[in-house]
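Here the structure is laid out as structure tokens; the discussion comes afterwards.
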Amino acid sequence: VAFNVGPAPYSTCMKADSSAWQHVKFKNFRLKSVAMDVDSGGKSFFLESYIDIVAMKSDGSEVPGTAVYDMTDFMKIVFDDDGKVVEMVEYPDTYALSKVKAAGVEGILLAGAAGFFFPRHEASA
């Protein structure tokens, strides 16, 4: 599958790549680490990031009480000899993402729901 969204925010790229990100708003994206696969000849990288997300209603407004902070997301990106991305595989926290996505589709309030609290990661010293 190929797509071209032009210069765009990361969230636009993710929504073009997968329906899993529909009805989800990115509030913050922080890259925690990057590692190169040494056996790839410098063409394959692994990224670890934290993303703050919130559910969105169909009218574009946020669903109160559904924010998740520092959702862990891993990604593998592979480049060709011309430096173009030829493979991208993402491994988000599917539990957190599915809870937020469901709230966005249904427009329900999940504040206080058991298991919906995701504490922030603290930066290590």
Within the range 91-111, work out how many residues are surrounded by 15 or more Cβ atoms within 10 Å (Cβ to Cβ), under 16 Å from GLN22 (Cβ atoms) and modelled with pLDDT of 85 or more.
5
Considering (1) outside any strand (DSSP E or B); (2) without any contact (Cβ under 8 Å) to a residue 12 or more places away in the chain; (3) in contact with a strand residue (DSSP E or B) (Cβ under 6 Å, 6 or more places away or on another chain), say which one THR66 fails and leave the rest.
(2)
Those residues of the range 88-107 which are in contact with a Ser or Thr (Cβ under 8 Å, 6 or more places away or on another chain) and outside any helix (DSSP H, G or I), in sequence order
GLU90, PRO92, ASP93, GLY107
Identify, from the list VAL54, VAL86, the residue that is over 18 Å from LEU31 (Cα atoms) and open to solvent by less than 40 Å² (accessible area, probe 1.4 Å).
VAL54
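The values are calculated or read from the model by the stated rules, or taken from the named source; none is laboratory data. In this text, all values refer to a predicted model and were calculated from it rather than measured experimentally. Note that each Cβ is placed from the backbone with ideal geometry, even for glycine, and that neighbours are counted across all protein chains shown. With ligands, DNA and RNA removed, areas are computed over all heavy atoms of the protein, side chains included. Shrake-Rupley method; radii C 1.70, N 1.55, O 1.52, S 1.80 Å.
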